Each structure stands twice: as structure tokens, then as C-alpha cells.
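What follows is a short report on a single structure.
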Amino acid sequence: MGLRLGIDLDGVVADFNRGWTAAYNRHFGAQLSASMVCSWDSPLELTHFVDMDAFWAWARDHGSHSVFRHLEPYPGALDTLRALDDEGHHLVVISAKPGWAVPDTLAWIAEHALPTRELHFTEDKHEVVCDVYLDDAPGQLTRLAQIHADRAVVCRFVRPWNAPVPGVHDVASWDEFPSVVRQGARVPAG
């Protein structure tokens, strides 16, 4: 029987930082790159926005879509998730999206044929019970580890904006993730 894989989207499957920096460059004539994003607060550190509310207001309105609609997937993400689905695992998308981003996210998932039948748009990712979690958000990783470390494998997708978390397994590339899932198959669910 396959495992329930709780997968975050932005920063894990979809390259949000490449997407918003490219949109910012087009809109404001800047020269930002995704490689400049080194902290969770980079949108404030790298741009003119005075707070995250101003950043999100800008990210919401890009013609008829939000910045979330045209993100590029990270290399290997879709192929790996499709292979895990073919092995019988159940992909559960868990994303902390603002409500206005949900329609564009659903369109993105459909366009990229992400093999999922279960979606959760919530800040409370720990409430969605899975056998393996993969996330990049520092606060989410800490919360998942505190709540699920005894019954699930919690994985940090290593990014410049996050740091190791005790009890969390580091995943540096999509090539590494299937072996972590296979190891998780030997961890009894709580």
C-alpha cells in the first residue's frame, strides 16, 4: 500500500522565487534573480515594498492572473512525483496559499498534470495527516516536526531560506526524495 505524501508547492515543486523576481523585473525594470533570494523575507529585502501586504497586493494582480499562474516547475519535480504516483503513493498537495491564488494554482496543477486527487490550501499543514511531508517553509517544518516526528517522516527541501530543523530529514534534490519515501514505507504510521 502506498504512502500519503504531503507535498508543498511553492519553493518545492514550483519555483516561486524565479517567478516573482522575473515578474518584478518586467514590471519595475529591476535586475533581480532567484539566486538573490537567501531568506524568507527576501521580497522585502530585495524590493521597494514596505511590507508583505504590499508585496502580496502586487503579486495578486498581473493582468488576468496572479504571479502564481505561470511559475516554472523545478527540474525533476514533476517526473519524480509522477514516478511516485506510478509506484502507488498518494500525492497530497498542501499549500499555504492566499485565497485569491487558489484558482491560478488549480490551473497550474491542471496544466502540469500534477498527479494528485487531494488538495489542501491551509496554513495549518500539520492538520493534514500524511506519512511523509516535504516542505521548505521554516515555520511549517518546525511545526510538522513537533507534531508528527513520532509517526511521519518530515523532510526539508534544502533551500537558502531555510535551515536544518531537529528531527527533519534534509532533501537537497528531487533525485533524493524517492529513497526517502521508500525509507518512510518502513516507518509505521501512528
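The values are calculated or read from the model by the stated rules, or taken from the named source; none is laboratory data. A quick note: this is a predicted structure, and the numbers were derived from the prediction, not measured. Cβ atoms come from the backbone with ideal geometry, glycine included; neighbour counts cover every protein chain shown.
Looking at the stretch 82-94, can you tell me whether even one residue there is surrounded by 18 or more Cβ atoms within 10 Å (Cβ to Cβ) and either assigned to a helix (DSSP H, G or I) or not assigned by TED's automatic domain parsing to the domain that holds Asp175 (or both)? Yes: the stretch 82-94 contains one or more residues that are surrounded by 18 or more Cβ atoms within 10 Å (Cβ to Cβ) and either assigned to a helix (DSSP H, G or I) or not assigned by TED's automatic domain parsing to the domain that holds Asp175 (or both).
Every residue, every condition in (1) β-branched (Val, Ile, Thr); (2) in contact with a strand residue (DSSP E or B) (Cβ under 6 Å, 6 or more places away or on another chain); (3) surrounded by fewer than 13 Cβ atoms within 10 Å (Cβ to Cβ), yes or no:
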residue: Val129; (1), (2), (3): yes, no, no
residue: Arg151; (1), (2), (3): no, no, no
residue: Arg156; (1), (2), (3): no, yes, no
residue: Pro164; (1), (2), (3): no, no, yes
residue: His169; (1), (2), (3): no, yes, no
residue: Glu176; (1), (2), (3): no, no, no
residue: Arg182; (1), (2), (3): no, no, no
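Going by what's in this entry, would Phe55 be described as under 24 Å from Trp161 (Cα atoms), surrounded by 15 or more Cβ atoms within 10 Å (Cβ to Cβ) and over 16 Å from the mean Cα position of the chain (by Cα)? Give the derivation first.
On the way: under 24 Å from Trp161 (Cα atoms): yes; surrounded by 15 or more Cβ atoms within 10 Å (Cβ to Cβ): yes; over 16 Å from the mean Cα position of the chain (by Cα): yes.
So Phe55 passes the test.
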